[in-house]
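These notes are about the structure you will find just below.
The values are calculated or read from the model by the stated rules, or taken from the named source; none is laboratory data. Nothing here was measured: the structure is a model prediction, and the numbers come from that model. Cβ coordinates were reconstructed from backbone atoms using ideal geometry, including for glycine residues, and neighbour counts include every protein chain displayed. Side chains are part of the model used for accessible areas, which takes the heavy atoms of the whole protein and leaves out ligands, DNA and RNA. Shrake-Rupley method; radii C 1.70, N 1.55, O 1.52, S 1.80 Å.
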Amino acid sequence: MITLLYIYISIFTIYFLILAATSMKSVRKIRDKFIPTNANLCVVVYASGEADTLENLIKQLKNQTYSRQNYTIYAILDKCETVPEVTLQSDLNVNVINIDNLEPIGKSQAYSIIAAKLQEAQNLDAFVFLDAKNYVDSDFLSNINYYLAKYDVINPMVNYLPEKETLSFWQNVKSAYSRYCSKFILKTRTRLGLTNIINTDSFVIKRDILYRMECFDFRNIISEVRYTLKLAKEGIKVTFIDDLKVYMSIDKFDFRIPSLSQRLSIFWSLFWQPQGHIACEFVFSLAAPNWVVCGLAYFLVLSHSYVFPFWVNYSTVLITAVVFMMAICVSFLNAKLYPKEYLYLFLYPLCSIARMIYNFPLIRGVRNILKKTAQKPVIETMTTNVIVSDGRNEHQCQLELISIDGMAKITFINKGKKYTTKNHHLRMTDAMRELSTKLNDKGLTLKACQNCKFFQSIADGSTNMVKGTCNCQFAGRVQGDIIPTLIWNTCPKFEEQNVVPLF
């Protein structure tokens, strides 16, 4: 066990040493290297719940130094409670998509709606995704335009805004460690040409990259890690730019410090999956211990090698420990924190140990039982009749539309026999497409509006996006009249058209 521990920390001592050496080198600003053309940007602002900062962010985006004809603004209101929707919709410079479901659809599906809506746009170079809790400088989009000349996916640096009330002790500790990670680890990894975990609260992605990835899944930091790995497998790196900043108030500031246990769990689950050197390095970097854990590990190995026989002598272990401490000292200096922040940074071990104890599996299990935090999944179902044709005869069947925590699937029922789609989808229309493909393989046609060439889906954010309109020009139809329909309706004018949507 001690041997494995020593090999583990020795590998990452070399890793920290490389980061420290790289951080000491000066680098020219990207503005000195590139003279970009004006890219056409789509700025997407996602707001949910009490989005009290949305109006301010919209004003900041409208007053950018960047050319106004080179960017458009979309505001997605996902079950917002305090946003004056009428004010935003009357603003011709802002495209508003209001989602007023019983429950918010979430950031992933909201971004998918925008991506599907703008899929055919030809004069679009990149998407800028922002959470409504952010604030930006007036040159924010101009700076993005510079960095897009070199990078495909960009993460800005997130800072919290100073407020009248002082931060709590733990907030100061977490803030200092977060700034250390950003100013040293993320910044240096970018200089080495390595990738970082994408931050979905604010990121920039080129249009062709977004559509190549095909879907979003941004529920938590684990899903962000998996999306980053998916990019890395395609040779696409997430670049951290500390000169490109967004801000938010301290009460909404997410310190985004995944625990070592979380990262190790993801590491073991992805260990056999990576392909390509970028993806492999990213997966192994997830297992990197922080300087606190590494220091404690060296203390254990030194104590053991001093008393008991070890495969390397005590002096060798001591030398590697000294090298590690030198690399950490260099990292502290190159992080360029404020003097007071260094004091809080050195107190981070207390916070880290307290969090490890708090999240220890046994203690976490007892805590969950006491708080009764285990929640049952939210399941909604609806059954409807449909027609299935084998080319000669039509058969009456049933569909059971199922939503489990917002993820959709469909059960097909015919004469008591059932078939359920294998995958969970963000939209019911995609589950319908999977079912239709399965039936087509058996020579059957599902005669529902969703599969009809006259059906046009309405991406208005309604639950699972089941709404649409009928564009069939039947006799007696008034020109321009809009006829609403749902995916389970059918009629004699049905004509099959197989279209596989991207999102």
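Here is how the numbers come out for the structure above:
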{"item": "Residue match in the stretch 408-418 (condition: polar (S, T, N, Q), closer than 19 Å to Lys442 by Cβ and assigned to a strand (DSSP E or B))", "result": "yes"}
{"item": "The lone exception for Gly235 - which of (1) under 23 Å from Pro289 (Cβ atoms); (2) assigned to a loop (DSSP other than H, G, I, E, B); (3) open to solvent by 10 Å² or more (accessible area, probe 1.4 Å); (4) out of contact with any Lys or Arg (no Cβ under 9 Å at 6 or more places or on another chain) it fails", "result": "(1)"}
{"item": "Selection within the stretch 188-215 - outside any helix (DSSP H, G or I), touching a Ser or Thr at 6+ places or on another chain (Cβ under 8 Å) and open to solvent by less than 10 Å² (accessible area, probe 1.4 Å)", "result": "Thr195, Asn196, Ile198"}
{"item": "Of residues in the stretch 426-435 being at pLDDT below 85, part of a helix (DSSP H, G or I) and in contact with a Ser or Thr (Cβ under 8 Å, 6 or more places away or on another chain), the one most open to solvent (accessible area, probe 1.4 Å)", "result": "Glu434"}
{"item": "Residue among Tyr66, Tyr111 that is of a type in the set (Phe, Trp, Tyr), at pLDDT 90 or above and either at positive phi or open to solvent by less than 50 Å² (accessible area, probe 1.4 Å) (or both)", "result": "Tyr66"}
{"item": "Enumeration of residues in the stretch 216-232 that are part of a loop (DSSP other than H, G, I, E, B) and of a type in the set (D, E, K, R)", "result": "Asp217, Arg219"}
{"item": "Residue within the stretch 115-125 that is open to solvent by 10 Å² or more (accessible area, probe 1.4 Å) and in a helix (DSSP H, G or I) present", "result": "yes"}
{"item": "Test: residue in the stretch 224-242 that is among the aromatic types (Phe, Trp, Tyr) and closer than 30 Å to His425 by Cβ", "result": "yes"}
{"item": "All positions within the stretch 24-45 that are modelled with pLDDT of 80 or more, open to solvent by less than 100 Å² (accessible area, probe 1.4 Å) and in a loop (DSSP other than H, G, I, E, B)", "result": "Asn38, Ala39, Asn40"}
{"item": "Selected residue [farther than 25 Å from Ile222 by Cβ, among the aliphatic types (A, V, I, L, M) and either open to solvent by less than 50 Å² (accessible area, probe 1.4 Å) or modelled with pLDDT under 85 (or both)] from Leu302, Leu333", "result": "Leu302"}
{"item": "Filter pass, Val293 being open to solvent by less than 60 Å² (accessible area, probe 1.4 Å), within 22 Å of Val173 (Cα to Cα) and without any contact (Cβ under 8 Å) to a residue 60 or more places away in the chain", "result": "yes"}
{"item": "All positions within the stretch 108-145 that are among the acidic types (Asp, Glu) and touching a helix residue (DSSP H, G or I) at 6+ places or on another chain (Cβ under 9 Å)", "result": "Asp125, Asp131, Asp137"}
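This table checks each residue for (1) of a type outside the set (Lys, Arg); (2) open to solvent by 70 Å² or more (accessible area, probe 1.4 Å); (3) assigned to a loop (DSSP other than H, G, I, E, B).
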site: Leu350; (1), (2), (3): yes, yes, no
site: Arg355; (1), (2), (3): no, no, no
site: Thr381; (1), (2), (3): yes, yes, no
site: Thr384; (1), (2), (3): yes, no, no
site: Cys397; (1), (2), (3): yes, no, no
site: Asn423; (1), (2), (3): yes, yes, yes
site: Gln456; (1), (2), (3): yes, yes, no
